[in-house]
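Data block below; observations after.
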Amino acid sequence: MKKVTEQQSKLCSLAVLFTAAAVFLPIEISAQMSVGFNFQDIGWGSASGGAQPEYNYFATNVNWSTTTNPWNPTFISELQQAKAHCLRYMDWGETNGSDVTTWSQRIPKTANHYLSGNTLPGKGDSGYGVAYEWMIDLCNRVNADMWVCLPHQADTNYAYQLAILIKDNLNSNLKVYVEYSNECWNDGFSQAGWLDAQRNINGLANPLQWQGQNIYGFGNGGDCRWSEYVYFVCRTMNQFNKVFGTNSPRVVKVMAGQAGWGQGTGSNQMCQYHMACLQSSICNPWAVKIDAYAIAPYWNASDHTPTGTEAAMRASLADCVTDLKDARSALTGTSIPLVCYEGGPDNFSTESLDTCSFQYQLTIDALNAMELQVQGTFNYYTFNGGDVWGLKKQVGNDPAISPKWRGYMQWISTVQAVQPIAFRIEPGRFSGTSSIFNLLGQKVAIGVRGNFSSNRHGLFITLQGNSSIRPALMVR
């Protein structure tokens, strides 16, 4: 099987000789990584000049009951400069530790977002969030896909109503990435403990079988945190299927796991268990199909010696690459691409490194390393993020004091910003006239030769006749 990269060509020229009823020619092509961004909690840090942190994002003197554009124009300009492909709203939705259960508890569009009327019930940090309507509006303004995280205790009507809101208001050329909660494996967040307490799954075998291996779940296995997670993911995604249609190309249904689980073993056991649960009618009675699997590779200066140095961060970056390879190995045979819900430099305990000059080249090198492994969206954490995570400390900061921003802008100037290619294609049956279909099931040519958009799987060719198959494939 020939493997080509997205960088080599966006088009593959294929010549096929055949007389057969249904031929599938698999072609493995690496999808080009696109970069999106997370935003930190709007109540964290400060804005330029020591202003309250929400002014990183919002203009001053907004009348929230009537405004149609509340945004800080510098914020919009910088997102456009960064060519943001996707915007993930985990922190803006106050996802971690949320106590939200019903749609009526969401933040209304007209709420005062100056850290006043925009609160959510829950235990997550400041409690200040952003209305979904403004999340959608921002995506439309900067032409970026939307990545939304639903509260872990939200009922099915919440997911259904949110799907309607997004379908009706997000520009039709944009996708929505749907994620159930955030880091449900992480004991630092109450959603992990909440899943431990659930018992919706009865009779699940332990261990599960996945690709000929015994795969054990978290703790006692069987009905555990990991299997409960898959159940609630699928329950949530089923509501989006109801609104958008099953497997709509506008919806990317995401499942997520821990990056370092089984680090260096050549696989990721959490991912394997998730995949096994996904195939179980006990965990997934709706037969939901997942479009992307996500992890979060962070490089830091604390895990390697000498700590607090560039060398430590580069050693940690190498660990991230191993984690990505392990996760991709675990996904072998699933046709599910690996993406990143978060990722980036984590200077939580080494804040003094945030503006060191080496961050410029490290940012370039890290994104190059990510691009070799990530098969779709990489959501950098965060767009702006004080002294710990952000490309800049504050929106509007001078690039001269923001080496990560300058490194990112140099990197993005050297790559072609494109939409990720098709994530997953269902097997199709075609019959009748001699035609060539791409993997979206769209007729692209009549006859035996043509140019086709690249994809990760191949294409279906159907013909009349039952004589022997003699396919010959050329990829350039």
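The values are calculated or read from the model by the stated rules, or taken from the named source; none is laboratory data. Here the structure is a predicted model, which means the values were calculated and not measured. FYI the Cβ positions are ideal-geometry reconstructions off the backbone, even for glycines, and counts take in every protein chain you see.
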For Tyr293: the one exception among (1) more than 26 Å from Gln373 (Cα to Cα); (2) in a strand (DSSP E or B):
(1)
When you check Tyr158 against the structure, is it surrounded by 18 or more Cβ atoms within 10 Å (Cβ to Cβ), of a type outside the set (Asp, Glu) and over 18 Å from the mean Cα position of the chain (by Cα), yes or no?
yes
Does Gly376 satisfy being touching a Ser or Thr at 6+ places or on another chain (Cβ under 8 Å), modelled with pLDDT of 95 or more and small (Gly, Ala, Ser)?
yes
What tally of residues in the stretch 160-169 results from selecting those that are in contact (Cβ under 8 Å) with a residue 40 or more places away in the chain and either under 10 Å from Met146 (Cβ atoms) or charged (D, E, K, R) (or both)?
1
One residue is enough: does the stretch 74-86 have a residue meeting the conditions assigned to a loop (DSSP other than H, G, I, E, B), touching a Phe, Trp or Tyr at 6+ places or on another chain (Cβ under 8 Å), at pLDDT 90 or above and under 30 Å from Ile336 (Cβ atoms)?
yes
Name the residues in the stretch 326-385 that are crowded, with 24+ Cβ neighbours inside 10 Å, closer than 19 Å to Thr307 by Cα and hydrophobic (A, V, I, L, M, F, W, C), would you?
Ala366
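Each row is one residue, and each column tells you yes or no for (1) surrounded by fewer than 24 Cβ atoms within 10 Å (Cβ to Cβ); (2) of a type outside the set (A, V, I, L, M, F, W, C).
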| residue | (1), (2) |
| --- | --- |
| Phe218 | yes, no |
| Arg225 | yes, yes |
| Arg235 | yes, yes |
| Asn238 | yes, yes |
| Val243 | yes, no |
| Asn247 | yes, yes |
| Val251 | yes, no |
| Gly257 | no, yes |
Are any of the residues in the stretch 268-285 farther than 24 Å from Gly222 by Cβ, out of contact with any His (no Cβ under 9 Å at 6 or more places or on another chain) and in the same structural domain as Phe218 (by TED's automatic domain parsing)?
no
Report those strands (runs of 3 or more DSSP E) wholly inside the stretch 311-385 carrying at least 3 residues which are of a type outside the set (A, V, I, L, M, F, W, C).
344-346, 377-380
Tabulated pairs, the stretch 236-261, first part of a helix (DSSP H, G or I), second modelled with pLDDT under 95 and of a type outside the set (Phe, Trp, Tyr), C-beta under 9 angstrom, 6+ apart or interchain:
Asn241/Asn247
Can you spot a residue in the stretch 367-378 that is touching a helix residue (DSSP H, G or I) at 6+ places or on another chain (Cβ under 8 Å) and under 27 Å from Ala47 (Cβ atoms)?
yes
Filtering the stretch 66-114 down to residues that are over 12 Å from Phe37 (Cα atoms), among the charged types (D, E, K, R) and in contact with a helix residue (DSSP H, G or I) (Cβ under 6 Å, 6 or more places away or on another chain) yields Lys109
Can you tell me which condition Asp187 does not meet? The list is (1) under 18 Å from Thr95 (Cα atoms); (2) in contact with a helix residue (DSSP H, G or I) (Cβ under 6 Å, 6 or more places away or on another chain), and all the others hold.
(2)
Filter pass, Val176 being at pLDDT 90 or above, closer than 22 Å to Ser267 by Cβ, touching a Leu at 6+ places or on another chain (Cβ under 8 Å) and not charged (D, E, K, R)
no
Restricting attention to the stretch 179-216, and to residues there that are surrounded by fewer than 21 Cβ atoms within 10 Å (Cβ to Cβ) and in contact with a Ser or Thr (Cβ under 7 Å, 6 or more places away or on another chain), which single residue is modelled with the lowest pLDDT?
Ile201
Hey, does the stretch 263-279 have a residue that's outside any helix (DSSP H, G or I), among the aromatic types (Phe, Trp, Tyr), under 30 Å from Arg199 (Cβ atoms) and in contact with a Ser or Thr (Cβ under 9 Å, 6 or more places away or on another chain)?
no
Per the filter on the stretch 55-107, residues free of Cβ contacts under 8 Å to residues at least 40 places away in the same chain and at positive phi are Asn61
